[in-house]
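Step one of this worksheet: look at the structure below.
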Amino acid sequence: MSQYPQAQFLLSAADPQHFPPDTGAEVAFAGRSNAGKSTAINVLVGHHRLARTSKTPGRTRLLNFFTLAPGQRLVDLPGYGYASASVAERNSWARMINALAKRESLRGLVLLMDSRRGVLEGDEVLIAWAGAASCPVYVLLSKADKLTRNELAKTSAAVRRELGTRAEVQPFSAISGLGLDQARRQIDHWLARQSPKTVEA
């Protein structure tokens with residue numbers, strides 16, 4: 001049964017002017033190509049075909065918006081780190097995420113990292129972007145089922161040391177369900193939270 005029965009695809013944006021109205025609350029998902037981002041979205045939402053998955057790196061080239069409930073959205077960002085992206089595509093992607101950072105509705109960033117690879121350069125760029133936007137980061141160490149319990153414990157500890165207070169870190173597996181409930185609670189918490197700008201006002 002779906003955790004979000006009203007979840008549905010809203011729109012794909014190739015330019016900030018195509019974004020939905022800046023109202024309500026939204027949580028962005030990001031990660032390197034093939035880190036398991038789309039699969040994580042589908043498992044978390046409970047809709048196996050909501051976000052399109054592919055074994056081909058860089059399949060997601062647009063910002064895809066999904067509605068979970070009235071005034072609540074997920075945003076699937078293009079995967080990064082794939083060699084086939086042109087300079088124009090990379091510039092377009094940078095322009096869109098910079099526009100996303102300015103949205104009052106943005107509540108948090110879920111960053112997928114392959115647990116077998118740890119923190120890579122592109123991940124650091126996204127964390128810095130989120131920090132500059134005062135956007136909290138929740139790291140999901142994906143494909144945790146590929147590691148032994150001891151390997152996963154060492155990797156998790158190393159990533160937590162490296163990221164410090166810049167992000168919360170949670171081992172995650174779309175296959176075993178490890179970290180699934182914790183991730184859902186974090187997303188629900190963000191989507192229910194008022195905009196910091198609104199609170200300050």
Tally of residues being at pLDDT below 90 and either over 15 Å from the mean Cα position of the chain (by Cα) or polar (S, T, N, Q) (or both) across region 39-57: 9
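Matching residues to (1) in a helix (DSSP H, G or I); (2) modelled with pLDDT of 95 or more; (3) farther than 20 Å from VAL75 by Cα; (4) among the aliphatic types (A, V, I, L, M):
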site: LYS154; (1), (2), (3), (4): yes, yes, yes, no
site: ALA158; (1), (2), (3), (4): yes, yes, yes, yes
site: ARG161; (1), (2), (3), (4): yes, yes, yes, no
site: GLY164; (1), (2), (3), (4): yes, yes, yes, no
site: LEU178; (1), (2), (3), (4): no, yes, yes, yes
site: ALA183; (1), (2), (3), (4): yes, yes, no, yes
site: ILE187; (1), (2), (3), (4): yes, yes, no, yes
site: LEU191; (1), (2), (3), (4): yes, yes, no, yes
site: GLN194; (1), (2), (3), (4): no, no, no, no
Hits in region 20-37 (condition: under 9 Å from the mean Cα position of the chain (by Cα) and small (Gly, Ala, Ser)): ALA28, ALA30, GLY31
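So, in region 18-43, of the ones that are part of a strand (DSSP E or B) and touching a Ser or Thr at 6+ places or on another chain (Cβ under 6 Å), which residue ends up farthest from TYR138 (Cα to Cα)?
Top of the filtered list is ALA25.
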Subset of region 86-121 (residues that are in contact with a helix residue (DSSP H, G or I) (Cβ under 7 Å, 6 or more places away or on another chain) and acidic (Asp, Glu)): GLU104
Pair list, Cβ under 8 Å, 6 or more apart: region 145-168 residue free of Cβ contacts under 8 Å to residues at least 60 places away in the same chain, other residue among the aromatic types (Phe, Trp, Tyr) and surrounded by 14 or more Cβ atoms within 10 Å (Cβ to Cβ): ALA167/TYR138; GLU168/TYR138
Residue match in region 136-149 (condition: surrounded by fewer than 18 Cβ atoms within 10 Å (Cβ to Cβ), touching a helix residue (DSSP H, G or I) at 6+ places or on another chain (Cβ under 7 Å) and not in a helix (DSSP H, G or I)): no
Subset tally (residues that are assigned to a helix (DSSP H, G or I) and either at pLDDT 95 or above or of a type outside the set (Val, Ile, Thr) (or both)) for region 74-126: 18
Any hit, region 154-171, residues being within 23 Å of PHE65 (Cα to Cα) and surrounded by 14 or more Cβ atoms within 10 Å (Cβ to Cβ): no
Pair list, Cβ under 7 Å, 6 or more apart: region 114-141 residue touching a residue at least 12 places away in the same chain (Cβ under 8 Å), other residue of a type in the set (Val, Ile, Thr) and not in a helix (DSSP H, G or I): ILE127/VAL137; ALA130/VAL137; TYR138/VAL110; VAL139/VAL169; LEU140/VAL110; LEU141/VAL169
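The values are calculated or read from the model by the stated rules, or taken from the named source; none is laboratory data. Keep in mind it's a predicted model, so treat the numbers as computed, not measured. With ideal geometry, Cβ positions are generated from the backbone for all residues, glycine too; neighbour counts draw on all protein chains shown.
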